[in-house]
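First the structure, in the form of structure tokens, and then the observations on it.
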Amino acid sequence: MGERLEHARKARGLTPPQLAKTVGVSRAVVGQWERGRSKNIKNKHMIRLCDALQINERWLVTGEGPRDAPHSPEMAREFARWLAIYEGLNPEQRKILVPLLEATIEAQNRGLLPSLEEVSILKYLPSHTPKS
């Protein structure tokens, strides 16, 4: 859990003292959590921690499930993007979209397709913005 916590904190651009202040604990406590020396986090601190980092509590504790909390701004932006794409499709395209996505994800999970990072054609698509 400590590694996931540290990763999430850094991903949000927070320092340990900033996170400690937001959660209402000392910097030393955040350090103990990140080093795995304290696994018993009070419920009120867990809620504040996950809210501050915009992460899913289940992911933080177990490493399972999605990292981002369902209400995170990143997830909301991604959902809005997908909805806009879907709304721009004609009925025939909409019929094939879900089965196509499901088959693609299954093939990728089985190692039959490369990851998105490995697919160089994406840089040629006009709607794709490469990450810096």
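With the structure loaded, tell me whether Leu19 is within 12 Å of the chain's Cα centre (by Cα), in a helix (DSSP H, G or I) and not polar (S, T, N, Q) or whether it fails that test. Against the criterion (within 12 Å of the chain's Cα centre (by Cα), in a helix (DSSP H, G or I) and not polar (S, T, N, Q)), Leu19 does not qualify. Residues in region 55-94 that are assigned to a loop (DSSP other than H, G, I, E, B) and without any contact (Cβ under 8 Å) to a residue 40 or more places away in the chain: Asn56, Glu64, Gly65, Pro66, Ala69, Pro70, His71, Ser72, Gly88, Leu89, Asn90. Checking every residue in region 66-84 against the condition of being over 20 Å from the mean Cα position of the chain (by Cα) and more than 28 Å from Arg4 (Cα to Cα) gives at least one match.
Name the residue, out of Asn40, Asn56, that is at pLDDT below 90 and closer than 17 Å to Pro73 by Cα.
Working: Asn40 fails: closer than 17 Å to Pro73 by Cα.
Step by step, each of Asn40, Asn56 is checked, and only Asn56 is at pLDDT below 90 and closer than 17 Å to Pro73 by Cα.
Being of a type in the set (Gly, Ala, Ser) and either exposed (fewer than 12 other Cβ atoms within 10 Å of the Cβ) or more than 21 Å from the chain's Cα centre (by Cα) (or both): is that true of Ala8 here? Criteria not met by Ala8.
Scan region 22-54 residue by residue and report those that are farther than 11 Å from Met1 by Cβ, assigned to a loop (DSSP other than H, G, I, E, B) and among the small types (Gly, Ala, Ser). Scanning region 22-54 gives Gly24, Ser26.
The values are calculated or read from the model by the stated rules, or taken from the named source; none is laboratory data. Since the model is a prediction, treat every value here as computed from it, not as a measurement. Counting neighbours? That spans all protein chains shown, and the Cβs are built from the backbone with ideal geometry, glycine included.
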